[in-house]
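The values are calculated or read from the model by the stated rules, or taken from the named source; none is laboratory data. Predicted model only: the values in this text are computed from it and were never measured. A quick note on method: Cβ atoms are made from the backbone with ideal geometry, for glycine too, and the neighbour counts reach across all protein chains shown.
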Amino acid sequence: MVTKVMQIIFSPVLALVVGVFFLGLARKIIARIHWRWGPPLVQPVIDIVRLFYQKSVSHGLVFDLGIILSLAGSIVVVLFLPFGRWCPLDGSGGLLVILYIMLLAPLGMALSGGEGANPNISIGISRKLILSLGYEVPLLLVLLAVMTRYKTISIMEVVNVQQGTSWSIISFPLVLSGVSYFLILPAILGLRPFDVSSAPQEISSGLMAEYGGKYLALATIEHAFVLFISIALFVNMFLGGAANPIIFFVKMLVVFVPGLFIHAVFPRFRVEQAVKYLWKWPTLLAFLGLIMTMVIGG
Amino acid sequence: MDRNQITKWLKAPAKMANKYSLHAIYFCTGCGIIEVPPVITARWDAERFGIIPAATPRQANLFLITGYVSVKTLRAIIRTYEQMPEPKYTVGFGSCPINGGMYWDSYNTIKHLDKYIPIDGWIAGCMPRPEAIFIAVTHLWTLIEKDMANGYIRYKDNYESYRSNQEMALGKLEWPPLYPASDEHRGGE
Amino acid sequence: MTVEILLIVAFGGAVLSYLLGKTSDKGRDCFAVFISLALVAFVACLYGRSVERTFYFGFFGIGLVLRLNMLSWFFAITISSLGALCTIFSLSYMKDRERTDFYYLMMLVVNAAMLGIVLAGDLVSFYVFWEVMSWSAFLLISYNKGPALAAGMKYIVMSVTGSVCFLVGMLSLYVFFDTLNISELAPAISSASGGYILFILTAFGIAFGIKNAVLPFHAWLPDAHSEAPAPFSAVLSGILIKMGTYGFLLLLYVILGLKVFLGLGRGLLSYHSILCFLGAVTIIVPTFIAMLQTDAKRLLAWSTVGQAGYIILGIAFGTNLALAGGIFHFFNHALFKALLFLAVGAVEFRAGTRNLDSLGGLAKKMPVVFIGALVGICALIGVPLTGGFVSKWLIYKTLILEGSGFLAFFALVGTWGTILYSYKLIHNVFLGQLPERHRTVEKAPFSMQLPVVVLSVAILLFGILPGIPLKVINAIGTSFGFEPLNVTLWGIASETGALNTINIFFAVLIVGIVVWLLFCSGAKSVSVRQQDSYAAGAHTPVDKYHYTAEFYNPLYRMIKPFLRDVTDEIYYGIAFFLRSCAGILRRIYTGDVGFYVTYIILFLAFLIFVQLKWKPW
């Protein structure tokens, strides 16, 4: 019981540390690719501290509560994800609950942004929701293939089975789903070429146009959590989870860094180009993966 | 840079964070902006100092007023400055904001920007090179360290005189006065 | 003794309220509300009773049976509570309209007829009440003249088609089995041949499918629900469609029985899989069409078609979790769809329009309605802590665990489509900038706020403690012959991953408090007025700074060519074809008496000629 409570308290903290480290690492690696030095690795921490000390503007109660709801949703999702061998809230619904609580994050930000009364925000939300619809189609096919193959909706069981046998990504029908998930991971994380929903030059950073001070700090923390959640889900589903957090972290790094390489050099897709891409090859691969899984008999 | 001194962070985290995370609003006010892309790209990398461009004034705390200020631009500058949250720092960039520079006798430019917007520091030159910009940033850090970069406090305290200067230059302003009374609710309906 | 008193009170109350309305308006209003609330109380008192009473009226020797069991009770309590709330809403909505006596009469008659349907124990009384409900709904849909008349016409034609199919099925059952009593039909029908069962399933399936707006038969729904007056739209979407659901439940589980239904085979072309497939398609296509709508009520109407797909999918799938999910989703859908229609009705009442392109920013002007709409949206999407989450979770879980990956995929994509259009609804109506012309909009009156608040509280209550309705639904499931579910107050416990809403609730609450504390530790924020928004240094232009029209523009361009409403065009095509055939017939039956006299004389001449020539007589 005590270990459970400690896990519940430390999981989000650890996820935050990992997420913020990834943000700093992203800026550093991109800078090095651009042949410059880049900020120190702790720069996101400095930014977040500065944002907490800066005043901000508020457009109403929904503006405040939306961002709080969004961040709360992301933290609750972290509680349901296995990280190494820990999984704080294991037996409460598994993957379906995660899929659902993951909705709270964009919904909260959409509600708070809507109250901001700025068309840039509305366009940003519209693009973000359309992009979400775009990547959800292959993502759902992938997750359904995994759930059908292992006949369970609990992620901890998926991890345990993989630890026992072999990683999903090298087992036959799920390799298609794994490749498909890897192809849509930049869209989920908001990396180029799919960062149209927070395009600073076009729609003045979309959802975050009216976020100052602590709102922007919470939004940055939220971004860190989303990074953690999406990559951790991929590692758990397809790379076998891990026996302890260190190896888990190494696997997450291995997944994140190629995405950064693509982010550093690609331009941005328009929303309909992004959705057309997401509904073409990744969906086809995931669809084939699901059919193969159902035919082979799970 | 004393970015890594833990004791300084523990004693005054707000000051240290404000120094090393200056997000400049990417508003190209005049011709001086031509010197800013080289500053933020690979050759003279400003991100080492923690300076990146911010998309909207709400997310920014540094305002570089680059180049001459025409009367039309002054409206946008005042609006942008007022939309930035506190604490905020302004830097006049180039000779034109200081005393009119090359356009000292033009009917359409503002000669002394300091009458309309509080400025924390000036960078002389036409245009200042990127090295000058970095030296200016280190000077700004010293000012922040010594609590002397308080342009926003001057603005709040002397708002009536700033506003009357603005109205003399621009005529009727469409936005209501920022600081009549309490800090809680800005403007009226 | 009690069941027919319920029906007599319901119908009698309707007629009495009409007569009262001739004398005093306020008296009629109070009486109508009183009758609806009395019906709710009455039905609540009947909980747990199981009654079956036969009346003989000398009608072909058939007894008319009234029956109350757990299934009927669950539907009856939903019908009566929703009817009561919508009647309370109508108090202010219909305040200064004409023919309000007629309106209240029809509202109460629809209510009473639906109660009659769920309490009917034999097919004849079911049919009588079904028809009373259909035509009273038609009269109410065409209440506002204008486009509502065409909408009502579409509705009644399709509904009558369904009723005729029902009649065909009913008569064939009578011919084969000599009885129409539902509890007697059930054991008798298991002896019928497979082909006959398929015929019955098709005939009744068409009838209930038209009412429940399963995909090929949904064409009447968008027009009818958007043109009806708002409280009646709530009743239509919330309950009237679910009479088709009740019919399906009766057909598949009570008349046919579980063994026969499961024994029908599950191959690719069986009734079971066709119905599941139709349910899945009904989830996807209307959800995407709803994203393209610019009329708030039309968006909600298409959303209803989509959610009805979930219910049909749940019911047709055939496991106990799926049935529980389908029936619970019926209950949740009644609550949140009524809430959304009432919220949109309140906005229409105050702002005068329901066009999504011209509303905006009403959250600060009508806060109670905004919060109600927000809770409704969250329930529609299925956010955890609202009831919609539990019912959708049940359906997803059973679809995944039984290996129907594609049905689960359709259901889950439906949820994402739901997020898109529900956000569009709430953004274009309540969030964003307030237009100048709506600056003087006042708050909704109390009698409109009350049903909104009651429904929101109900949604949240049944989301956090889903055990309360799940207990009743479990009883229904066991009465059909399924295995009972292990229902606790907080959710369902089972071996393959439990649903524990209390864990989720406390997790979200505690984490939310922690985040809020973190939020408050930052520097204080300054509250700004709506005009003080980022506009690239300019002052925000009045009335031109709200992004509403074509909210999902990139998606429109991609999916619009695929989303023509083909069934609507087919139906209009059939209608025009029949009209042109009738037009040809018009050449003979010209309506001119001279022609008819000519025909008569010619025919007499022909007869005389035949008589003279060949002398047959």
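All conditions but one from (1) buried (at least 22 other Cβ atoms within 10 Å of the Cβ); (2) farther than 30 Å from residue B:48 by Cβ; (3) of a type in the set (Val, Ile, Thr) apply to residue A:98; the one that does not is (1). Applying the condition of being polar (S, T, N, Q) and surrounded by 17 or more Cβ atoms within 10 Å (Cβ to Cβ) to region B:1-37 and asking which residue is nearest to the other protein chains (Cβ to nearest Cβ) yields B:21. Counting only helices (runs of 4 or more DSSP H) wholly contained in region C:191-277, the ones carrying 2 or more residues that are at pLDDT 85 or above and either among the aliphatic types (A, V, I, L, M) or surrounded by 24 or more Cβ atoms within 10 Å (Cβ to Cβ) (or both) occupy C:194-212, C:221-227, C:230-235, C:242-249.
Residue C:513 fails exactly one of the following numbered conditions: (1) more than 7 Å from chain A (Cβ to nearest Cβ); (2) in contact (Cβ under 8 Å) with a residue 12 or more places away in the chain. What is the number of that condition? Residue C:513 satisfies all of (1) more than 7 Å from chain A (Cβ to nearest Cβ); (2) in contact (Cβ under 8 Å) with a residue 12 or more places away in the chain except (2). So is residue B:58 in contact with a strand residue (DSSP E or B) (Cβ under 9 Å, 6 or more places away or on another chain), assigned to a helix (DSSP H, G or I) and either under 30 Å from residue A:35 (Cβ atoms) or within 14 Å of chain C (Cβ to nearest Cβ) (or both) or not? Yes, satisfied. Considering the conditions (1) part of a helix (DSSP H, G or I); (2) of a type outside the set (Gly, Ala, Ser); (3) at pLDDT below 90, residue C:107 is excluded by exactly one of them, (3). Restricting attention to region A:106-122, the residues being of a type in the set (Ser, Thr, Tyr) and within 7 Å of another protein chain (Cβ to nearest Cβ) number 1. Would region B:147-160 turn up any residue that is at pLDDT 90 or above, small (Gly, Ala, Ser), more than 19 Å from residue B:44 (Cβ to Cβ) and in contact with a strand residue (DSSP E or B) (Cβ under 6 Å, 6 or more places away or on another chain)? Yes: region B:147-160 contains one or more residues that are at pLDDT 90 or above, small (Gly, Ala, Ser), more than 19 Å from residue B:44 (Cβ to Cβ) and in contact with a strand residue (DSSP E or B) (Cβ under 6 Å, 6 or more places away or on another chain). Here B:172, B:146 are screened, and the one residue that is free of Cβ contacts under 8 Å to residues at least 12 places away in the same chain, within 14 Å of chain C (Cβ to nearest Cβ) and surrounded by fewer than 17 Cβ atoms within 10 Å (Cβ to Cβ) is B:172. Every condition in (1) of a type outside the set (Asp, Glu); (2) touching a residue at least 12 places away in the same chain (Cβ under 8 Å); (3) within 11 Å of another protein chain (Cβ to nearest Cβ) is met by residue C:563 except one, and the failing one is (3). Count, please, the residues in region A:141-167 that happen to be polar (S, T, N, Q), at the interface with chain C (Cβ under 10 Å from one of its Cβ atoms) and free of Cβ contacts under 8 Å to residues at least 60 places away in the same chain. Counting residues in region A:141-167 that are polar (S, T, N, Q), at the interface with chain C (Cβ under 10 Å from one of its Cβ atoms) and free of Cβ contacts under 8 Å to residues at least 60 places away in the same chain gives 1. Within region A:82-96, the set of residues being modelled with pLDDT of 75 or more, more than 16 Å from residue A:231 (Cα to Cα) and small (Gly, Ala, Ser) comprises A:94 only. Assessment of region C:433-449 against the conditions (at pLDDT 85 or above and under 28 Å from residue C:315 (Cβ atoms)) yields no matching residue.
Only a single criterion out of (1) over 27 Å from residue A:261 (Cβ atoms); (2) not aromatic (Phe, Trp, Tyr); (3) not in a helix (DSSP H, G or I) is not satisfied by residue A:193, namely (1). Taking first residues from region B:33-60 that are among the β-branched types (Val, Ile, Thr) and partners that are assigned to a helix (DSSP H, G or I), the Cβ contacts under 6 Å between residues at least 6 apart in sequence or on separate chains come to B:39/B:46; B:39/B:130; B:39/B:133; B:40/B:46.
The residue that is modelled with the lowest pLDDT, counting only those in region A:162-207 that are of a type in the set (Gly, Ala, Ser) and within 17 Å of the chain's Cα centre (by Cα), is A:198. Residues in region B:5-21: is at least one touching a Leu at 6+ places or on another chain (Cβ under 7 Å), assigned to a helix (DSSP H, G or I) and under 30 Å from residue B:177 (Cβ atoms)? No, because not a single residue in region B:5-21 is touching a Leu at 6+ places or on another chain (Cβ under 7 Å), assigned to a helix (DSSP H, G or I) and under 30 Å from residue B:177 (Cβ atoms). Taking every residue in region A:174-191 that is under 18 Å from residue A:102 (Cα atoms) and pairing it with any residue that is among the hydroxyl-bearing types (Ser, Thr, Tyr), at least 6 positions away or on another chain, the pairs with Cβ-Cβ distances below 8 Å are A:184/A:135; A:185/A:230; A:187/A:135; A:188/A:135; A:188/A:230; A:189/A:230; A:190/A:197; A:190/A:198. The set of residues from region C:382-396 being within 8 Å of chain A (Cβ to nearest Cβ) and either surrounded by fewer than 24 Cβ atoms within 10 Å (Cβ to Cβ) or more than 24 Å from the chain's Cα centre (by Cα) (or both) comprises just one member, C:383.
Flag set for residue A:220, criterion: surrounded by fewer than 21 Cβ atoms within 10 Å (Cβ to Cβ) and among the hydroxyl-bearing types (Ser, Thr, Tyr).
Taken over region A:41-72, residues that are in contact with a Lys or Arg (Cβ under 7 Å, 6 or more places away or on another chain), facing chain B (nearest Cβ under 9 Å) and either surrounded by fewer than 22 Cβ atoms within 10 Å (Cβ to Cβ) or not in a helix (DSSP H, G or I) (or both) amount to 4. If you check A:32, A:85 for being of a type in the set (D, E, K, R) and within 12 Å of chain B (Cβ to nearest Cβ), only one passes: A:32. Here residue A:125 clears all of (1) more than 10 Å from chain C (Cβ to nearest Cβ); (2) within 30 Å of residue B:56 (Cα to Cα) except the condition numbered (1). Looking at C:400, C:419, just one residue is modelled with pLDDT under 90, hydrophobic (A, V, I, L, M, F, W, C) and in a helix (DSSP H, G or I), and that residue is C:400. Inside region C:475-488, residues that are surrounded by fewer than 23 Cβ atoms within 10 Å (Cβ to Cβ) and part of a helix (DSSP H, G or I) make up a count of 5.
Screening C:19, C:6 for residues that are part of a helix (DSSP H, G or I) and crowded, with 17+ Cβ neighbours inside 10 Å leaves exactly one candidate, C:6.
Of the residues making up region B:61-87, those that are in contact (Cβ under 8 Å) with a residue 40 or more places away in the chain and at the interface with chain C (Cβ under 9 Å from one of its Cβ atoms) are B:73, B:75, B:76, B:77, B:78, B:79, B:80, B:82, B:86. Might you check whether a residue that is within 14 Å of another protein chain (Cβ to nearest Cβ) and among the aliphatic types (A, V, I, L, M) occurs anywhere in region A:235-250? Within region A:235-250, not a single residue is within 14 Å of another protein chain (Cβ to nearest Cβ) and among the aliphatic types (A, V, I, L, M). Do we find a residue being free of Cβ contacts under 8 Å to residues at least 60 places away in the same chain and crowded, with 21+ Cβ neighbours inside 10 Å anywhere in region C:81-90? Checked region C:81-90: at least one residue is free of Cβ contacts under 8 Å to residues at least 60 places away in the same chain and crowded, with 21+ Cβ neighbours inside 10 Å. Among the residues of region C:441-462, some residue qualifies, meaning at least one is within 23 Å of residue C:370 (Cβ to Cβ) and of a type in the set (D, E, K, R).
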